[in-house]
Amino acid sequence: MNIVFLDRDTLSPQTRLRPPGFAHSLVCHGGTAPHQIAERIADADIVLVNKVRLDAPAIASARRLKLIAVAATGTDNIDLAACRSRGITVSNIRNYAVNTVPEHTFALIFALRRSICAYRDAVRAGRWQASGQFCFFDHPIRDLAGSTLGVIGDGVLGQAVANLGRALGMRVLMSAFKGRDDMGMLYTPFARMLAESDVITLHCPLLPETRHMIGAAEFAAMARKPLLINTARGGLVDESAVGPALEAGQISGAGFDVVAGEPPAPGHPFMTLQHRPDFILTPHVAWASDEAVQALADQLIANVEAFEQGCPRNVVTG
């Protein structure tokens, strides 16, 4: 069984990729450019891939291909229709980030709510000595207890974030889908969530109906000047509207771990916000605790072994 990993470097170097428990050859490429894909998968029975795009022509070039094992939850980089037409199974990774993403989400929330980065930078600049006293009050510090957390997305990660919020004494609003008013009493209408939240955090997939679900109109409706946190998917927020919302005081801060197009181009709107103490951009690492990445790698190989044994799991299509 020939196995090819197209972008091994998207997993941390300390992550162990154990060999599958059956006869095989495994070739790992650190990364793969578009023009290299067809040659590298031409004789592959199984392709492991994280972010490399496998479109219909690339899939058609791999005549032996039986399984695409995606080293991520999202499969938008795979032409699933082409896989269905060829009878190629696609599997993904599930529920591995239930701790790491919620923890990163709250790391961003704490850092912004308590102005951690702003005070660190002020100390570096000598402001503490210049103050002449035991502390100084240049930046806002707010407790989370008693504040309201709006959660968009009610899957495993959204629910885990909601549970952390409740543990910290926050009032939690699970948001209804935008434009929906038929989801029942457990969900807060989207417009009301915007108006009542002190922190808004996104944990939903990027779909046509969720793309740019938050933009200029939604920022204008955020009555309590909340923090906006996105550790889910780039494109959920109109990223060109974030800077103006910060400038206008419509939100009190923004923390993003994802961008539409990664890495962002030098001219991306977020790159002009790096000087602001109320904005934090991390490089899509909310998922990447050592524990979570190892769990992902172990699940990836388990998916391959299950397929080889004739009982595929975590099947997206097949």
Open item on the list: Straight-line reach only, C-alpha to C-alpha below 16 angstrom: list the lysines that K51 could link to, leaving out same-chain residues fewer than 8 apart.
Closed with: none
TODO: Excluding residues on the same chain fewer than 8 positions from K178, give the lysines whose Cα lies under 22 Å from its Cα.
DONE: K225
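Just how large is the dipole of the range 122-213 about the Cα centre, in debye to the nearest 20, putting +1 at every Lys and Arg Cβ and -1 at every Asp and Glu Cβ?
Around 260 debye, computed over the range 122-213.
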- [ ] Report, to the nearest 10°, how far helix 156-167 tilts away from the longest principal axis of the Cα atoms in the chain, using its own Cα long axis and a range of 0 to 90°.
- [x] 30 degrees
TODO: Can you tell me the relative contact order of the range 169-311? Whole percent, Cα pairs under 8 Å, sequence separation 6 or more.
DONE: 17 percent
TODO: Run the numbers on the chain and let me know its relative contact order in percent, using alpha-carbon pairs under 8 Å that are six or more apart.
DONE: 19 percent
Task: Percentage relative contact order, the range 184-252, counting C-alpha pairs under 8 Å, at least six apart - done: 38 percent
Task: Separation of the R64 and A195 label points, Cα + 7 Å toward Cβ, nm - done: 6.3 nm
Open item on the list: Using the Cα centre of the range 100-281 as the reference point, and only Cβ charges (+1 on K/R, -1 on D/E), how large is the resulting charge dipole? Debye, rounded to the nearest 20.
Closed with: 420 debye
Open item on the list: Give me, ordered by chain and number, the residues 5 or more places off V90 or on other chains with an amide H under 5 Å from its own placed amide H.
Closed with: I68, V316, T317, G318
Task: Kirkwood estimate for the chain, i.e. one over the average of 1/r between Cα atoms, Å - done: 21.5 Å
Open item on the list: Given Cβ point charges of +1 (Lys, Arg) and -1 (Asp, Glu) and nothing else, what value in debye, to the nearest 20, does the dipole of the chain about its Cα centre take?
Closed with: 200 debye
- [ ] Count the net charge of all other residues whose Cβ sits under 10 Å from the Cβ of T148, scoring Lys and Arg as +1 and Asp and Glu as -1.
- [x] 0
Open item on the list: Just to be sure I understand the curve: with the Debye formula and one point per C-alpha of the range 100-281, what is log10 I(q)/I(0) at q = 0.08, 0.11, 0.13, 0.16 Å⁻¹?
Closed with: -0.25, -0.47, -0.65, -0.96
Open item on the list: For a Förster distance of 51 Å, can you work out the FRET efficiency between the beta-carbons of A33 and F134, rounded to the nearest 0.05?
Closed with: 0.35
Task: Kirkwood Rh and Cα Rg combined as Rg/Rh, the range 5-111 - done: 1.03
Open item on the list: What number does the range 181-318 give for Rg over Rh if you use C-alpha atoms and the Kirkwood radius?
Closed with: 1.07
Task: Ranked packing of 223-236, 55-68, 124-137, 89-102, most packed first, by mean Cβ within 10 Å - done: 223-236, 89-102, 55-68, 124-137
Task: Extended-chain gain in nm, criterion 0.36 nm per residue less alpha-carbon gap, A167 and H284 - done: 39.5 nm
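Bear in mind these aren't lab numbers, they're just calculated from the coordinates by the rules spelled out. The model shown is predicted, which means the values in this text are computed figures rather than measured ones. Glycine also receives a Cβ, built like all others from the backbone with ideal geometry; neighbour counts cover every protein chain displayed.
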